[in-house]
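One structure is given below, represented as structure tokens, and several questions about it will come after.
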Amino acid sequence: MMPHRHAGQPLSRAQLITQRAFATVERFMHIQASSGIVLLVTAAIALIWANSPFASSYHHLWHIPLSIGLGDLTFSQPLHFWINDVLMTVFFLVVGMEVKREIHEGSLRNPRQALLPIAAAFGGVLFPALIYVALNPGSPGLQGWAVPTATDIAFAVGLLALLGRSIPSSVRIFLLALAIIDDIVAILIIALFYSEGLDATGFLVAGVGVLMVLGLQQMGIGSAFAYVLPGIVLWTGMLMTGAHPTLAGVVLGMMTPVVPVRLHERPLDMLTRIAGELTGRGSSSSKDLEQMNAHLRSLRLAQREILPPVVRVQHALHPWVAFLVMPIFALANAGVTLDGIDLSANGAHGIMLGVIAGLVLGKPLGIVGMSWLMVRLRLCSLPEGAGWAGIWVVGLFAGVGFTMSIFISLLAFIDPNLLGAAKVGVLAASVIASVLGLIAGFVLIRCRRTAPQGSQVG
């Protein structure tokens, strides 16, 4: 048992060091750029590991079978499946929640305000796809046309955060809105073009999961744990349909309520009433203790329900997704054995070039081009405080496909050589786009600092 420390007594050196360490970790966890740094480091580890003398252990690790079951009912799949099809469902759950929030209260709430990022996002999907198809006409790699169309939100936003607060907030909002719309398009592409042999029985099972979610919501149940079982049923149904099961996360995210659960008493009123009752108590009888415990339970309920479920669950899951789910995915999928790829075979060279050109050139050209067209037609205007230089920075950062592009590569290619070429293209393009975006960002910051007062740059 720790000795009681009197008020005013100085902390020990060990306690000071511990507190300082925890404070540093906490600051690190709250920096937007940190998730991108973790992803980058994890991808580098995977790439080095896959090209080291221990490469066989890397590839063997992800094929280790992992089983769950009860009695004769056993479900066994390699570790790679549990990461890409199960763990990534949590990632898509958070994406679905982000989309729901943006539609309800964010930059997508106002149709006219949302028109520019919507048009820019579609340009950022169309141009890379066209460039990729132009470089892979009639080749087996044509099925990978969607690989360069995706943007990695964590990386893009994290890289922009590295530029500091000198970048206008409107540019950040524009990038976030564009990336979210980009994710919506990527989800639709996965559902429409990379889901084959859809089974109607699976839709019935998925429908049962949806009905279970709606039933719990109608009953006013706000605990996230209550929705685990319906989520499993929905995921199983999506798997049975032949569609990618991670889409279950998107469905759950879009179904998450954006308003607090209705209680008999408003959470704020409950907090005020119970706080008054607790502060007025002077007795310590067992009855009073029981009542105090009841009040404390009510306080915890009010504290939980004062925020909408979509906000509460998203905030709870975001650190896990940013610092666990996505790094594990990167570790399992970014490891490409470079000397094992034959770029001269079966159109692999075209795949790599198509992905690089699509992300590095197609993304900024599509985003800036469509934005210019919309402004030129006077259908919308640039975000307040943002100029064309800022839009170019956003376009360059949008070329960082990484997580989503690798994910689509896994769906598009079965051939290990073609898949490896696509991954190399994604990794190379993400590095190039990151460097170009940072250079453009620093140039923008310098121009803003040296520009005459009152002029608009960025």
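With labels modelled as points extended 7 Å from the Cα through the Cβ direction, what inter-label distance (nm, one decimal) is found for residue 372 paired with residue 188?
2.5 nm
For residue 443 and residue 218 in the same chain, what is the full-extension length gain: residue separation times 0.36 nm, less their Cα-Cα distance, in nm?
Details: separation 225, 0.36 × 225 = 81.00 nm, distance 5.30 nm.
Taking 0.36 nm per residue and subtracting the Cα distance, the gain is 75.7 nm.
Would you kindly state how much longer the chain becomes between residue 110 and residue 169 on full extension, computed as 0.36 nm times their sequence separation minus their alpha carbon distance, in nm to one decimal?
Answer, rounded to one decimal: 19.4 nm.
As a footprinting exposure proxy, order 315, 244 by other Cβ within 10 Å, with the fewest listed first.
315, 244
Please list, in order along the range 143-151, the HN-Hα scalar couplings obtained from phi with the Karplus expression 6.51 cos²θ - 1.76 cosθ + 1.60 (θ = phi - 60°), rounded to whole Hz, x for Gly and Pro.
Per residue, the Karplus-derived 3J(HN,Hα) values read 5, x, 4, 8, 4, x, 8, 9, 10 Hz.
Cβ neighbours within 10 Å, averaged per peptide: list 208-220, 406-418, 60-72, 424-436 in order, most packed at the top.
Peptide ranking by packing, descending: 424-436, 406-418, 208-220, 60-72.
Using the Karplus equation 6.51 cos²θ - 1.76 cosθ + 1.60 (θ = phi - 60°), what ³J(HN,Hα) coupling, rounded to whole Hz, does each residue of the range 312-328 give in order, writing x for Gly and Pro?
So the J values, rounded to whole Hz, are 4, 5, 4, 5, 6, 8, 4, x, 5, 5, 5, 10, 9, 4, 5, x, 5.
Here is a further query. With a/c under 1.5 counting as rounded, go ahead and sort the range 76-178 into rounded, prolate or oblate using the C-alpha gyration tensor (a ≥ b ≥ c being the square roots of the eigenvalues; past the cut-off, prolate if a/b is larger than b/c, else oblate).
Because a/c hits 1.5 or more and a/b fails to exceed b/c, the range 76-178 counts as oblate.
How do the peptides 346-352, 113-119 rank, highest first, by the average count of neighbouring beta carbon atoms within 10 Å per residue? List each step's numbers first, then the result.
Details: 346-352: 23.4, 113-119: 20.6.
Highest-to-lowest ranking by the protection proxy: 346-352, 113-119.
For residue 66, which sequence-distant residues (separation of 5 or more, or a different chain) have an amide H within less than 5 Å of its own amide H, given hydrogens modelled in the peptide plane?
Here the answer is 77, 79, since their amide H atoms fall under 5 Å of that of residue 66.
Here, each number is a calculation from the coordinates, and none is a lab measurement. Given the structure is predicted, the values throughout are model-derived calculations rather than measurements. Methodologically, a virtual Cβ is constructed for each residue, glycine included, from the backbone with ideal geometry; neighbour enumeration extends over all protein chains shown.
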